[in-house]
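I have placed the structure first, in the form of structure tokens, so that the comments after it can refer back to it.
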Amino acid sequence: MIKELWSIRNPHIEFDEKIYRRFKRAMSLKSKPKLRKSLDFNLPSEKAFFELSTARNRNLINIEEQNKLRNTVVAFFGLSVGSHAATTWIMESRAGSVKIIDPDIISATNLNRIRSGWESVGKKKVEVVQNIISEINPFCEVQSFQKGTPDEIRRIFDDYPKIDILVDEVDDFEAKILFRKLAREKRIPVVSAADVGDNVILDVERYDIEPQPKLFLDRVPNIDKINFSHLPERERKKLIINLIGFEKNSERMIDSLFSIGGSIVTWPQLGATATVAGGLVATTLKKIVLGEKVFSGRYYLSLDDLLVQDFNSLKRKNERAKKISQIKSLLKK
Amino acid sequence: MQKYSYEPWEVNEDEFPKDSTSIADIVRFFIRYAILAPSSHNTQPWKFKITGNIVKIFPDFDRSLVYSDRLYRELHISLGCALANYCVAADYFGYDTIVEYYPESDLENPAVVVGIHKKQTNRLGKELFPFVTQRTTNRNPYLDQKIPKDVLDNILRYTSSKLNIDVHFIQESNVKKKIIDLVDESILFAFNDTIFKEELSSWVRSNYTKKGDGMPLFGFGIPGLISVFAPFLIKNMPAQIQSKIDKGLLNQSDTFMVLSSKNDDKEAWIKTGEVYEYLCLACLKNGIATAPMAGVVEYDKTAKMLQAALEITERPMFFARMGYASQSPHRTPRRSLDDVLLF
């Protein structure tokens, strides 16, 4: 690794044993940094870890930008898609601090979309994800939370280090509303991705730069006035569907909406899409932090559209339109 | 807010914040001199971050010459020039500087970290301070006048051997002739490259430019109206014509300066820039003009041949022509301090 370090610091110099030995000796005299997670080896400095693990980012992310990313604090609420987003974010940003929140344990049915094995079943999601993050970046301070109560959510916002961006991957409506109210008050952007079949729906709410009188991009008007504690299950499903929307869904995904509570327990999700969604969230975070023009709105990454030749054929469009119309009439009842 | 693009040159020593209780104000004041330093194509590829008595100098890769300086050697030399100006200013006002190059302990990865401490050092830098705001790169023809050896020896006093950069002043005609041929070869190589010329043309400016960077063509002796076509002129400059112009200028220069180093790494490049800037200011103190020409050291083939011509084992890092000049060009534009400070 010292050789690799020398190489990335001197990419223009052909390897020279004498020069390298001098470098190696100089590095051996440096006092080793303290790691949050111990490894079998150590390097001369935290800078060395940082340089090696970000060398391949150059110059897609330059040094100044990398420092900005490193100093950004993101809170990831919900660790299914959220686990992919958090770990991908850490991989690319090498952030020094992160907050992860999820009250759940890993169940066997999570294994299709959380990058973990059977030995993790029964373990707390925050523990598993914290472990992965610490292995990726042994200098990252991971603050993990498991209650998800309103008080805890407020503390996550207010306690040091203050969060710069929030990623919402939870199902709990009340929590989602509270995130946005606090984000609006503190002018923090909210990013949320839903994996829907083979497609990803990304919502960006820039409470930091644009006035946002309405939450959730106003997809569900007056959502914050709803009393969720007495909301029937059917109404909850209606809300989810209205929030996610029917646009760009495949026929099979739309069919699944009929099946929930019947042949299947809940909303189906796929591992590949969860992974893509995590990458999309991490990329969105990077672009927001680095000041690119990412504005509030809903964005679709439709792999069906991209890959499948006849996805937008008239026949398939009509089929989807028919199914959507059936669901809408069911929801009205 | 900066009123116009030459305003940074008007920094005055009377503005030194002697009554300020914040040392950061003093650091900020010294940076106003740092940004007057020369840089390749006047790209000013630097950013500064102030923390108390410390300034960190970062390379600004957005201002790098991605094609002609893909190692970032010239960029780092430019940082060294800025560092030298900073140290000269600090020394003048009674502050010692402690410099670290790419310190291992600094996660932000600055190229240089400079701390200042109040202390009268009596370093030679004090003598160079008045010339910081007068310095220009003089690309005009020089006079047919010899630079005496004792003057060159005097100029050499202003560099520190601690920087480990070797300085070679070449006056011997046989060696100069060889060097002229090498510089010529590097010019032909560069100006036969359309991408090089495209990149260069993006940094030349008309003489009426309002931009805070780049090279107005008055620095090349091109008058106002013609300079309006600056990028077009450069893009379409035939290599043979550029070669003829540069050969003429080299033949009229009494002395060549070559800086060389045992190491060819970022630290050596920064130190090369420091040494050049000290020498440049010292030359100015002695009425001598300088004009760097990077091609001969950036083109590997000619760099090796230059090394052989000088019979040295160290790699040449920097080349400039020197001489007495009858006219001094106008200074080049500068970006404002606020443009280069990181918060």
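Any read-out appearing in this document is the output of simple, stated calculations on the displayed coordinates, not a laboratory observation. Computed from a predicted structure; not experimentally measured. Note that we place each Cβ from the backbone using ideal geometry, even for glycine, and neighbour counts take in every protein chain shown.
Before moving on, here are some points about what is shown:
- Working from Cα pairs under 8 Å separated by at least six residues, relative contact order for the stretch A:14-145 is 25 percent.
- Of the GluC sites (Glu not before Pro) found in the stretch A:11-93, those in coil by DSSP whose Cβ has at most 15 other Cβ atoms within 10 Å are A:Glu14.
- Segment A:Leu29-A:Phe228, length gained on full extension (0.36 nm per residue, minus Cα span): 65.5 nm
- Gyration tensor over alpha-carbon atoms, the stretch A:8-164, equivalent ellipsoid semi-axes in Å: 34, 18, 15
- Loop trypsin sites (Lys or Arg not before Pro), the stretch A:8-41 (other Cβ atoms within 10 Å of the site Cβ: 11 or fewer; DSSP): A:Lys34
- Ordering B:His117, A:His230 from the fewest to the most neighbouring beta carbons within 10 Å gives A:His230, B:His117.
- Packing, taken as the mean count of other beta carbons within 10 Å per residue, orders the peptides B:75-85, B:31-41 from highest to lowest as B:75-85, B:31-41.
- Under the span-like rule (Cα at least 27 Å along the axis, Kyte-Doolittle mean at least -1.0), DSSP H helices of chain B: B:73-92, B:266-285
- Charged-residue dipole, Cβ positions (Lys, Arg, Asp, Glu), the stretch B:282-339 about Cα centre, Debye nearest 20: 180 debye
- Separation of the alpha carbons by more than 28 angstrom is noted, of A:Lys37/A:Lys125; B:Lys146/B:Lys177; A:Lys123/A:Lys186, for A:Lys123/A:Lys186.
- At most 13 other Cβ within 10 Å, DSSP loop - GluC sites (Glu not before Pro), the stretch B:286-324: B:Glu311
- Residue separation of A:Ser329 and A:Glu17 scaled by 0.36 nm, minus their Cα-Cα distance, works out to 104.8 nm of gained length.
- Theoretical FRET efficiency, 1/(1+(r/R0)^6), r = Cβ-Cβ of B:Ala308 and A:Asp158, R0 60 Å, to 0.05: 0.35
- Listed residue pairs exceeding 26 Å between alpha carbons, taken from B:Lys47/B:Lys211; A:Lys237/A:Lys322; A:Lys99/A:Lys176; A:Lys287/B:Lys266: A:Lys287/B:Lys266
- In this label model, B:Lys119 and A:Asn242 are separated by 7.1 nm, measuring between points 7 Å along each Cα→Cβ vector.
- Dipole of the stretch A:219-333 [Lys/Arg +1, Asp/Glu -1 at C-beta], most positive-end residue of A:Val308, A:Trp267, A:Leu285: A:Trp267
- Shielding by partners - mean other protein chain Cβ count within 10 Å, residues of A:50-56: 1
- Structure-based [θ]222 nm, chain B - -39500 (n - 2.57) summed over DSSP H runs of at least 4, per residue, nearest 500: -12000 deg cm²/dmol
- B:Tyr4 versus B:Asn164: modelled label distance in nm, points set 7 Å from Cα along the beta carbon direction: 4.6 nm
- Proximal aspartates and glutamates relative to B:Lys304, as straight alpha-carbon distance under 18 Å, when same-chain residues fewer than 8 apart are discounted: A:Glu14, A:Asp16, B:Asp69, B:Glu74, B:Asp166, B:Asp181, B:Asp184, B:Glu185, B:Asp264, B:Asp265, B:Glu314
- Each of B:Cys283, B:Leu306, B:Val27 was scored by the projection of its Cα onto the charge dipole of chain B, and the greatest displacement toward the positive side belongs to B:Cys283; charges sit on the C-beta of Lys, Arg, Asp and Glu.
- Listed peptides B:206-215, A:93-102 by packing density, highest first (mean Cβ within 10 Å): A:93-102, B:206-215
- Legend: mean number of C-beta atoms from other chains within 10 angstrom of residue C-beta atoms, peptide A:61-68, equals 4.
- Highest-first packing order for the peptide set A:206-214, A:193-201 is A:193-201, A:206-214, based on the mean count of other beta carbon atoms within 10 Å.
- Contact order, relative form, for chain B: 26 percent (alpha carbon pairs under 8 Å, 6 or more residues apart, mean separation divided by residue count).
- Average Cα contact separation per residue, chain A, under 8 Å, 6 or more apart, as relative contact order %: 18 percent
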